[in-house]
Amino acid sequence: MNLKEKQTQLESILSHMGSVVVAYSGGVDSALLLAVATKVLGSRVVAATGESDSLPSREMEQAKMLALELGVEHKIIPTHEMEFENYLSNPQNRCYHCKTELYGQLRTIADDLKFENIVNGINLDDMDDYRPGILAAKEANVSSPLRDAGFNKQDIRDLARLIDLPVWGKPAAACLSSRVPFGQPITPEKLQMIEEAEDYLISFNFSQVRVRHHGDIARIELPPEEIPRLFSEKISDKIGLKFKKLGFKFVTIDIEGYRSGSFNPSLLNKNG
């Protein structure tokens, strides 16, 4: 199918749903789903965003702004994964526990509103990555209209651009806990360090950033073509000083550069 055909298919799927609660992070995938659902279903759409220590404040603010621009009711739902040992211990299926908590909260919203469906932004490309949250969605009867309509990530960006969605070119995002290696405990203090460190890097206009937390060591991932800027513009010393003030003892640059899910390679094809 071409993009227009996929768009028609997506609109048809949503139309038949009748009403939806959109699991909305503010990223491109869920934002496109929210925009198309709003076009098709109007007031029978509610966006819901889980709020916890693992969501960067910058992401929450951007999510609020876009929902306001789309004219969609936006519910901010405190989630409680940080209270669960099976999340804090950071097992390989950590995301399963997080999504199970989120979808449980969204089910309550859907039931209260008498809405028929909960939907998420999972797409075809997600099926090739290690995504334990997919199992949580299946168990919670959460639908994935983008995947079912045949969208991959490039399709999503292309359609978002075509309909002038302001986040069409937004870098990929993930929860802050994804910056901590599996098996190393998640703590609010670690997540705050990571968030402040990434905010600082973003202030230098890098297009994509990750700060991986390895105990005393901060491992910075940037697009490979942007790594030379750290030295040519003499900002590496500033970054080193800032990170050490945040609590890191050592700061390293990953020469392989940014890649999504860099802790995941040995876990591929285990979505359950």
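Say whether the condition of being part of a loop (DSSP other than H, G, I, E, B), of a type in the set (S, T, Y) and surrounded by 13 or more Cβ atoms within 10 Å (Cβ to Cβ) is met by at least one residue in the stretch 187-206.
So far as the stretch 187-206 goes, yes, one or more of its residues are part of a loop (DSSP other than H, G, I, E, B), of a type in the set (S, T, Y) and surrounded by 13 or more Cβ atoms within 10 Å (Cβ to Cβ).
Determine whether S52 is touching a helix residue (DSSP H, G or I) at 6+ places or on another chain (Cβ under 7 Å), surrounded by fewer than 19 Cβ atoms within 10 Å (Cβ to Cβ), more than 16 Å from G150 (Cβ to Cβ) and not charged (D, E, K, R).
no
For V40, are the conditions met, namely being in contact with a Ser or Thr (Cβ under 9 Å, 6 or more places away or on another chain), among the β-branched types (V, I, T) and either assigned to a helix (DSSP H, G or I) or surrounded by fewer than 21 Cβ atoms within 10 Å (Cβ to Cβ) (or both)?
Yes.
Rundown of residues vs (1) under 19 Å from P188 (Cβ atoms); (2) touching a Cys at 6+ places or on another chain (Cβ under 9 Å); (3) assigned to a strand (DSSP E or B), yes/no style:
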position	(1), (2), (3)
S15	no, no, no
L32	no, no, no
A35	no, no, no
G50	yes, yes, yes
L55	yes, yes, no
A63	no, no, no
L68	no, no, no
H74	no, no, yes
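Condition first: of a type in the set (G, A, S) and either in a helix (DSSP H, G or I) or over 16 Å from E256 (Cα atoms) (or both). Now tell me which residues in the stretch 208-246 satisfy that.
G215, S232, S236, G240
Has the stretch 160-181 got any residue that is at pLDDT 95 or above, over 17 Å from the mean Cα position of the chain (by Cα) and within 30 Å of L241 (Cα to Cα)?
yes
The values are calculated or read from the model by the stated rules, or taken from the named source; none is laboratory data. Here the structure is a predicted model, which is why all the values come from computation and not from measurement. Don't worry about glycine lacking a Cβ; one is built from the backbone with ideal geometry, like all the others, and counts go over all protein chains shown.
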